[in-house]
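Notes follow once the structure below has been shown.
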Amino acid sequence: MSADRDASAGSGTSAECGASAGSGGAEAGRSGRRGASDGSGGPDVSTDRATSADRATGTSRAAGTDRATSTDRAAGTDRATSTDRSAGTGRAAGDRRPVRRSEGGAWRATFRNGPFLLLCLAHGTYLLAYNQLYLALPEEVVRATGSQTALGWLFALSSLLVVCAQLPVTRAVGERLDHRAALCGGLAVVAAGFLTVAATAPLGLRGAVGLVPAAVYVLALTFGQMLAVPASRALVTELVPAGRLGFGMGVLSSFGGAVVLAGSSATGALFGTGLGPAAVWSVLAGVPLLGAVAGRAVRVRRAAG
């Protein structure tokens, strides 16, 4: 009995000790796993911290790069703006000064251009001769008919000729004559009209017959205009540089206006001298003849652009 009790007690004690040891091993295993878990958690935290630091560094660098880029862009924009302003100021200042020099140079070149001045003189004499359509012709019509009633018909004749014959005459002349010859020929035709009236004035023709010389004068003046005007304008393009063509046309017209202004006053004074119609018309015929001589002296050379 006693042995049995001892065996039972020994087995119970051994079992308890084994159970205790087993549970201690289990606890040790759990502790080991916790330690392993804690050990593995340490590197993860360090990695996260390093990643956060890298991200922060990258963000700082990107922000710094963006700031530097913005600064460079702003500086470049400021430089470009300053350069453009400086260049614009230079161009503005440069554009004002050459204009003054070019205007003065245009006037000097014009007054040194002898052929062009001769052309202006020839064109001015034509304009003065044409202006006699409103000064000398009325005097002749009144002398022949006693009134100015027929004057309107003569003006209508001139306008009708220009409308119907200007283009065909210009085309035909352009195919056969150069511009200088056309100018001189037109002025010669105008002079012939004046000389017709001067030659028939001593005959003392009256009435409808007395209007024939005036009608011939109108025809000659109109045909002379068809020849001289296109030719004189075309000659400007041959005597004046292309860059000053508008300036040359303005000088041509202004010079002609000055000749008409002075010549009309002289014509009025001529009629007031008491000279007969033949003498007055002969003097007037000398105006387009002078222009023809000036036109003949024009030496055409192609102007440099």
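Being in contact (Cβ under 8 Å) with a residue 12 or more places away in the chain, closer than 23 Å to A294 by Cα and in a helix (DSSP H, G or I) narrows it down to one of V197, V236, V218, so name that one.
V236
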Scanning the stretch 127-151 residue by residue, the ones that are open to solvent by less than 10 Å² (accessible area, probe 1.4 Å) and either in a helix (DSSP H, G or I) or in contact with a strand residue (DSSP E or B) (Cβ under 8 Å, 6 or more places away or on another chain) (or both) total 6
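Yes/no per residue for (1) more than 28 Å from G114 (Cβ to Cβ); (2) open to solvent by less than 20 Å² (accessible area, probe 1.4 Å):
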position	(1), (2)
L154	yes, yes
L160	yes, no
A182	no, yes
L195	yes, no
A199	yes, no
V212	yes, no
Q225	no, no
A228	no, yes
S232	no, yes
Restricting attention to the stretch 201-210, the residues that are at pLDDT below 90 and crowded, with 21+ Cβ neighbours inside 10 Å number exactly 0
Hey, could you check the stretch 257-305 for residues that are open to solvent by less than 40 Å² (accessible area, probe 1.4 Å) and touching a Cys at 6+ places or on another chain (Cβ under 7 Å) and say which is farthest from A191 (Cα to Cα)?
G295
Enumerate the pairs (first residue in the stretch 120-140 and over 15 Å from G185 (Cα atoms); second residue anywhere and outside any helix (DSSP H, G or I) and among the aliphatic types (A, V, I, L, M)) with beta-carbon separation below 9 Å, excluding pairs fewer than 6 apart on the same chain, so at least 6 apart or on different chains.
E140/L211
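The values are calculated or read from the model by the stated rules, or taken from the named source; none is laboratory data. On a predicted model such as this, the values are computed, not experimentally measured, just so you know. With ideal geometry, Cβ positions are generated from the backbone for all residues, glycine too; neighbour counts draw on all protein chains shown. For the accessible areas, the whole protein counts, side chains as well, though only heavy atoms, and no ligand, DNA or RNA atoms are used. Shrake-Rupley method; radii C 1.70, N 1.55, O 1.52, S 1.80 Å.
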